[in-house]
Amino acid sequence: MPQKISYITKEEYCDLPIPILLESEFANRRFGLINNNGVSLKFAWQSDLIEPDLLKISEDHYLIGIDQNFAILKFSPLMIELKIALLSNYVSSEVKENKIYVSSELEVFILSGQSYQIEKRYLLPDVFEHLNFSNGEIMIECLDGNSYKLSDLQIS
C-alpha cells in the first residue's frame, strides 16, 4: 500500500512512461509518484507550499487532493474511479458513515462510499474552514464566522 508520495523532478516526470493521475492545468511546479506493488501513477501540481492529501479509504482505494484536483484511485487492477476538477482549492476529505465528504474552498461534495460517485455538490456562501458532524446534522464553518447546515445550502 502506498504509505507516502515520492517526489520527483520535472525531468523524471516527463520521462516516465506511466499514467498521469492529476496535473495542474496552468503551471506544474512540483511532481510526484504514488506506487503500490509495482503499479505507479505520476502527478503534478502548482502549489509550492501545500502538500497533496493522500488518504486510504478502503482496502485498495485511495483518495488524493491537491490544488484544484481531486481523484479516487484503485490499484488492483489500476483504475481511476473518479476525477473532479474543483472550482477552488482542495481543503480536506473525511470518511463518515459510508460517505466521503470532499471540501474545497467554495464547495462540498458528498460521494458514495461504495460506488465513489458524486451524490451531491453544495456551493458555499463563504470560504470553507471546517466540517462538523453533530447530532445527526452536518455543519459547515466558514471563514466569515458563520456556520451553515449542509442541508440548508444550495445543491449545485
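The values are calculated or read from the model by the stated rules, or taken from the named source; none is laboratory data. Just so it is clear, the model here is predicted, and its values are computed rather than measured. Methodologically, a virtual Cβ is constructed for each residue, glycine included, from the backbone with ideal geometry; neighbour enumeration extends over all protein chains shown.
Values as computed for the structure displayed
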| read-out | value |
| --- | --- |
| Of all residues making up the range 38-64, the number that are within 16 Å of ASN28 (Cβ to Cβ), crowded, with 16+ Cβ neighbours inside 10 Å and either in contact with a Leu (Cβ under 8 Å, 6 or more places away or on another chain) or not polar (S, T, N, Q) (or both) | 7 |
| Failed condition for GLU119, given (1) more than 14 Å from the chain's Cα centre (by Cα); (2) in the same structural domain as ASN37 (by TED's automatic domain parsing); (3) modelled with pLDDT of 95 or more | (2) |
| Selection status of SER112, exposed (fewer than 14 other Cβ atoms within 10 Å of the Cβ), of a type in the set (Ser, Thr, Tyr) and within 30 Å of TYR13 (Cα to Cα) | no |
| Qualifying residue in the range 27-43 (condition: outside any strand (DSSP E or B) and either closer than 19 Å to TYR101 by Cβ or aromatic (Phe, Trp, Tyr) (or both)) | no |
| Test: residue in the range 48-63 that is of a type in the set (Gly, Ala, Ser) and assigned to a strand (DSSP E or B) | no |
| Residue list for the range 1-26, restricted to those being surrounded by 12 or more Cβ atoms within 10 Å (Cβ to Cβ), polar (S, T, N, Q) and in a loop (DSSP other than H, G, I, E, B) | SER24 |
| Scan of the range 56-92 for residues that are within 24 Å of LEU124 (Cα to Cα) and of a type in the set (A, V, I, L, M, F, W, C), ordered by number | LEU63, ILE64, ILE66, PHE70, ALA71, ILE72, LEU82, ILE84, ALA85, LEU86, LEU87, VAL91 |
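Yes/no matrix, rows are residues, columns are (1) in the same structural domain as LYS74 (by TED's automatic domain parsing); (2) part of a loop (DSSP other than H, G, I, E, B); (3) within 14 Å of the chain's Cα centre (by Cα):
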{"position": "TYR101", "(1), (2), (3)": "no, no, yes"}
{"position": "LEU111", "(1), (2), (3)": "no, no, yes"}
{"position": "GLN114", "(1), (2), (3)": "no, yes, no"}
{"position": "GLU141", "(1), (2), (3)": "no, no, no"}
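Residue-wise test of (1) touching a strand residue (DSSP E or B) at 6+ places or on another chain (Cβ under 9 Å); (2) on the phi > 0 side of the Ramachandran plot; (3) touching a residue at least 60 places away in the same chain (Cβ under 8 Å).
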position: GLN68; (1), (2), (3): yes, no, no
position: ILE84; (1), (2), (3): yes, no, no
position: SER88; (1), (2), (3): yes, no, no
position: VAL102; (1), (2), (3): yes, no, no
position: TYR116; (1), (2), (3): yes, yes, no
position: GLU119; (1), (2), (3): yes, no, no
position: GLU129; (1), (2), (3): yes, no, no
position: ASN135; (1), (2), (3): no, yes, no
